[in-house]
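Read through the structure below, which is laid out as structure tokens, and then see the notes.
The values are calculated or read from the model by the stated rules, or taken from the named source; none is laboratory data. Remember, predicted model here, so these are calculated numbers, not experimental data. A quick note on method: Cβ atoms are made from the backbone with ideal geometry, for glycine too, and the neighbour counts reach across all protein chains shown. Only protein heavy atoms, including side chains, enter the accessible area calculation; ligands, DNA and RNA are left aside. Shrake-Rupley method; radii C 1.70, N 1.55, O 1.52, S 1.80 Å.
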Amino acid sequence: MNLRSSNLPLLLLTGLLHFGPISRGQASYIIDTVDLGILPSTTVPSGTPVNIVCKVNVIYDITQNLNHTFQISRHDAIIYTFTTKEDMLTYKLNPARAADSGSYQCRVTVKEKSKSSFSHKLVVTGLQTPTLYINNTQPYESEEFTAVCSAPEEKGALIFRIYQRFANGESEIIKQLAPSVNSSETTLVLRPVGDRVLYCDYEINLVSGPRRSNHSKEISLLVKGLQIAPIMNVLPSSNVSEGDVVEVVCKVVSDLKNVEVYLTMDKRILKQAPISLNHRFTATVENSGELVCKAVWGNVQKETYQTITVNELFSKPTLTVKPTDIFEGDIFNFSCSISKYDPQRINKATLKFSYYKDNVIITTSQVYSSRAHPSKNGNYTCKVQAQYRMNSFVKESQIVVLKAKVRISQPVLSVVGGTLVLGKDFQVLCHSDNGSLPITYSLSRPNKPVETRMVSNPGEQAIFNVTALSKDIDIKHMSCQARNSQHEPAMAQTLHYTKLIEPVSKPVLKIVPNMGDVTEGQDVTLVCSVQRGTVPILFTWHHTKEGPIANHTSDKLEASYKITKVRAEQQGAYYCVCTNPASETKQSHRVTIGVKMAGWKKGLIAALCILFLVALLLVVIFKKHLLWFKKKATNELSVKSAGTKVERLSLTQAEVSEATNVTPGILGKSVWSEHVSGSESDDQHSVTSPEQPEPQYTEVQIRKVNPDRAPVERATDTVYSEVRTSKQAAPEEADGFEGSVEYAELNHDCDQQGDHGDHTVPAEHSVDNNMSDHRECDHDTAPDC
């Protein structure tokens with residue numbers, strides 16, 4: 001452990017010695033500054049040598065030879081790039097010109113690092129004065145010569161202009177040349193004749209704006225007149241007749257050589273020769289016009305003009321055809337004629353006529369007749385021939401195109417689509433299967449102006465828009481006329497249609513049988529009918545609650561829907577809807593059907609009601625008999641000792657009062673005497689046999705009367721006393737009763753106040769809690785209770 005601690009410094013020293021050279025191989029550097037300078041100044045006159053100096057300062061951790069890439073830019077456009085190990089670069093402008101003006105900047109790049117200097121502006125004032133060169137200072141008028149304007153030491157795109165100044169001092173620009181580098185050459189042609197001075201200048205467009213140079217030196221120029229105007233003579237005269245021989249002489253009187261002479265008419269060269277020419281021809285009408293004699297020397301030319309008139313021996317023939325409208329089968333006549341001729345030179349009788357069809361001669365007579373037929377269609381001309389001075393003259397007429405028309409056939413007036421719906425707008429088409437175009441169709445309607453359509457091109461149709469017709473009789477008064485000739489009668493035709501559809505009228509819904517309400521289970525028929533309309537008609541019956549319930553398509557004007565065994569839920573409002581191919585829907589008024597109950601149901605309900613009443617009556621009678629029996633049994637019952645059978649007694653108020661020594665009028669409540677059987681299975685209405693005696697008890701309830709209050713007589717009050725008697729018997733003979741008690745309780749009228757309470761008269765035995773029946777006073781009959 002101590003050995004390892006002592007060797008640790010030695011290991012660290014060895015590591016530093018080993019990795020030290022490696023770390024020193026990765027040298028770092030910083031481009032500290034980049035400076036730009038313009039020498040001798042930032043503003044210099046044109047032609048001054050200027051140096052753009054860029055210097056960089058790089059900081060290293062160790063000395064290194066790194067390459068420096070210099071970029072010189074003007075207006076952010078690189079104009080010079082150079083790589084060197086030196087830290088300074090000089091870019092020379094020798095000499096500096098106006099195009100060198102601008103904002104300069106230097107950027108230096110060392111490996112992956114780069115840095116720029118601040119920008120500096122160089123202004124070069126002035127422009128080089130241009131030089132003008134002319135290759136001919138004495139040109140003839142209209143003669144071309146060369147001019148060169150240049151500024152050889154300037155840079156950039158220069159726009160040169162050449163000017164001339166006349167002897168009177170007026171100056172004008174002759175030509176502005178396209179931009180060029182430092183020189184521009186052009187060709188000039190000057191007129192009129194005379195002395196003038198030429199000079200030039202140029203303009204350069206800089207970022208700071210355009211600059212214009214000074215004028216070049218002026219050059220004197222003399223424009224000489226060129227005497228090469230030609231002379232032209234027409235013999236025998238410029239006014240001749242057909243058949244005359246005409247000679248034209250055209251020449252130039254000049255000492256110049258290489259002069260060419262041209263004779264032209266209507267931009268057509270008749271003859272060409274050097275210096276002089278003669279042209280001889282026999283005059284025709286086509287030779288009438290203006291003759292031009294041109295003298296050409298280089299690019300210079302002179303002209304002389306002479307008008308020649310040639311009179312006709314006879315006019316150009318005219319070809320006519322009659323009639324103008326020719327239909328197939330018609331006779332047509334061609335006639336060829338001349339409007340004038342020279343009787344002194346030709347004899348009209350010697351004129352020869354001939355007819356041509358499609359350039360093929362068909363006859364030599366003066367007139368030509370034939371019957372129109374498709375084979376006769378074609379291009380017709382006529383020619384007239386005359387003799388004069390042993391010369392034959394032939395003239396041809398204009399072309400007449402013959403195309404026999406086809407007679408128009410009977411037009412057909414039809415409904416577009418073939419179906420006519422009354423009450424709706426529709427379109428009709430008037431058309432003829434045969435007939436040459438153009439065809440004029442006319443539509444006539446009652447109380448409407450006549451409408452016309454002209455069909456001029458194949459494929460066109462004469463379609464008319466017609467407003468709705470309300471009656472089918474109006475169709476018979478509608479007609480169409482077709483015409484393709486003013487001389488032929490028009491063909492007419494009435495309206496033809498494939499199908500006429502009349503919309504349905506408003507339907508009427510009836511109920512059969514025709515009565516107000518129908519009885520449930522009865523058949524009902526709904527009859528829907530219309531007065532008019534094209535069949536088939538679709539009838540649809542609707543119930544206002546259920547919607548559509550049935551539909552039927554009929555070929556008649558009515559249809560019916562039968563409701564068999566109508567039910568109560570089918571009552572309500574009904575209506576019908578009708579439609580036909582006219583696609584117009586009409587709805588009837590609503591009718592209401594009321595459904596009465598069926599007779600057997602009424603009888604059944606009446607029978608049930610009668611049975612119910614009978615049953616109710618029997619119940620009432622039974623109750624009355626039962627009460628009567630109870631009253632009778634009560635009257636016959638006397639208070640007995642416990643004995644052989646159980647009895648139910650009903651006592652009158654007098655008897656109860658007599659038994660309890662209480663005044664009858666003061667009893668306020670009924671007193672019941674009830675015998676309760678000890679066995680629940682025994683019949684309540686049966687009389688207990690003497691062999692099985694049961695305990696009996698008597699219960700009497702009375703109320704004391706206030707002695708200070710007068711008794712109230714109640715004629716209808718009945719007091720019942722319920723006396724229960726029982727006989728001492730062994731427990732096993734009590735049929736489940738633990739004991740019986742006979743007691744009497746009299747309750748005074750609950751109309752009394754305060755201190756009057758209930759009094760109980762105990763009997764000999766204890767009270768049977770299970771069998772006692774105690775009824776309280778009735779608050780409805782005794783409100784004071």
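Observations, loosely collected:
- Within the range 504-519, the presence of at least one residue that is under 21 Å from Gly417 (Cα atoms) and at pLDDT 90 or above is confirmed.
- Exclusive hit being farther than 26 Å from Phe145 by Cα and either buried (at least 18 other Cβ atoms within 10 Å of the Cβ) or of a type in the set (D, E, K, R) (or both), set Lys267, Lys257, Lys302, Lys294: Lys267
- Checking His543 against (1) open to solvent by less than 10 Å² (accessible area, probe 1.4 Å); (2) out of contact with any helix residue (DSSP H, G or I) (no Cβ under 9 Å at 6 or more places or on another chain); (3) at pLDDT 90 or above, the condition it does not meet: (2)
- Checking the stated criteria, Glu172 turns out to be of a type in the set (Asp, Glu) and modelled with pLDDT of 90 or more.
- Answer residue from the range 558-585, given it is open to solvent by 70 Å² or more (accessible area, probe 1.4 Å) and closer than 24 Å to Leu422 by Cβ and is modelled with the lowest pLDDT among those: Ser583
- All positions within the range 67-100 that are surrounded by 14 or more Cβ atoms within 10 Å (Cβ to Cβ) and either closer than 20 Å to Asn205 by Cβ or without any contact (Cβ under 8 Å) to a residue 24 or more places away in the chain (or both): Ser73, Arg74, Ile79, Tyr80, Phe82, Leu93, Ala96, Arg97, Ala98, Ala99, Asp100
- Taken over the range 371-393, the residue count meeting the criterion of being open to solvent by 70 Å² or more (accessible area, probe 1.4 Å) and modelled with pLDDT under 90 is 3.
- Gly572 vs. criteria out of contact with any Phe, Trp or Tyr (no Cβ under 8 Å at 6 or more places or on another chain) and assigned by the TED database to the domain that holds Asp523: yes
- Any hit, the range 206-222, residues being in a loop (DSSP other than H, G, I, E, B), open to solvent by less than 20 Å² (accessible area, probe 1.4 Å), touching a residue at least 24 places away in the same chain (Cβ under 8 Å) and not aromatic (Phe, Trp, Tyr): yes
- Checked against the criterion of being open to solvent by 60 Å² or more (accessible area, probe 1.4 Å), modelled with pLDDT under 90 and of a type outside the set (Ser, Thr, Tyr), the candidates Lys352, Lys322, Lys348 yield just one match: Lys348.
- Number of residues in the range 366-399 that are within 12 Å of Ser337 (Cα to Cα) and of a type in the set (Val, Ile, Thr) equals 3.
- Qualifying residue in the range 516-539 (condition: of a type in the set (Phe, Trp, Tyr) and closer than 14 Å to Ala573 by Cα): no
- Counting the residues of the range 426-435 that are part of a loop (DSSP other than H, G, I, E, B) and open to solvent by less than 30 Å² (accessible area, probe 1.4 Å) gives 2.
- Any pair with Cβ under 8 angstrom, 6 or more apart, that starts in the range 182-201 at a residue that is closer than 15 Å to His215 by Cα and ends at one that is among the hydroxyl-bearing types (Ser, Thr, Tyr) and open to solvent by less than 20 Å² (accessible area, probe 1.4 Å): Tyr199/Ser216; Cys200/Ser216; Asp201/Ser213; Asp201/Ser216
- Any hit, the range 110-117, residues being without any contact (Cβ under 8 Å) to a residue 40 or more places away in the chain, assigned to a loop (DSSP other than H, G, I, E, B) and open to solvent by 60 Å² or more (accessible area, probe 1.4 Å): yes
- Failed criterion for Ile79 (all others in (1) within 30 Å of Ile162 (Cα to Cα); (2) part of a strand (DSSP E or B) hold): (1)
- Within the range 564-580, the presence of at least one residue that is in a loop (DSSP other than H, G, I, E, B) and within 41 Å of the chain's Cα centre (by Cα) is confirmed.
- Out of Val400, Val421, sole residue that is at pLDDT below 90, among the β-branched types (Val, Ile, Thr) and touching a strand residue (DSSP E or B) at 6+ places or on another chain (Cβ under 7 Å): Val421
- Residue match in the range 458-481 (condition: in contact (Cβ under 8 Å) with a residue 60 or more places away in the chain and either among the hydrophobic types (A, V, I, L, M, F, W, C) or outside any strand (DSSP E or B) (or both)): yes
- Exactly one residue among Ser470, Ser529 is under 29 Å from Ser554 (Cβ atoms) and open to solvent by 60 Å² or more (accessible area, probe 1.4 Å), and that residue is Ser470.
- For Ser103: the one exception among (1) within 30 Å of Val300 (Cα to Cα); (2) surrounded by fewer than 17 Cβ atoms within 10 Å (Cβ to Cβ): (1)
A quick yes/no check of all residues on (1) of a type outside the set (A, V, I, L, M); (2) touching a His at 6+ places or on another chain (Cβ under 6 Å); (3) open to solvent by 30 Å² or more (accessible area, probe 1.4 Å):
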| site | (1), (2), (3) |
| --- | --- |
| Phe464 | yes, no, no |
| His477 | yes, no, yes |
| Leu495 | no, no, no |
| Asn514 | yes, no, yes |
| Asp523 | yes, no, yes |
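Every residue, every condition in (1) among the small types (Gly, Ala, Ser); (2) more than 40 Å from the chain's Cα centre (by Cα), yes or no:
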position: Ala462; (1), (2): yes, no
position: Asn465; (1), (2): no, no
position: Ala490; (1), (2): yes, yes
position: Leu495; (1), (2): no, no
position: Glu502; (1), (2): no, no
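- The range 223-246, subset assigned to a loop (DSSP other than H, G, I, E, B) and among the small types (Gly, Ala, Ser), residue surrounded by the most Cβ atoms within 10 Å (Cβ to Cβ): Gly243
- Scope the range 436-451; condition surrounded by 12 or more Cβ atoms within 10 Å (Cβ to Cβ) and closer than 13 Å to Gln481 by Cα; matching residues: Ile439, Thr440, Tyr441, Ser442, Leu443, Ser444, Arg445, Glu451
- Any strands (runs of 3 or more DSSP E) falling wholly within the range 260-374 and containing at least 1 residues that are of a type in the set (A, V, I, L, M, F, W, C), without any contact (Cβ under 8 Å) to a residue 12 or more places away in the chain and outside the structural domain of Glu396 (by the TED database): 268-274
- Only one of the numbered conditions (1) closer than 16 Å to Arg212 by Cα; (2) outside the structural domain of Arg191 (by the TED database) is not met by His120, and that is (1).
- Selection count where residues are surrounded by fewer than 16 Cβ atoms within 10 Å (Cβ to Cβ) and in a strand (DSSP E or B), scope the range 134-174: 7
- Selected residue [within 30 Å of Glu260 (Cβ to Cβ), touching a helix residue (DSSP H, G or I) at 6+ places or on another chain (Cβ under 9 Å) and among the hydrophobic types (A, V, I, L, M, F, W, C)] from Val193, Val189, Val240, Val234: Val240
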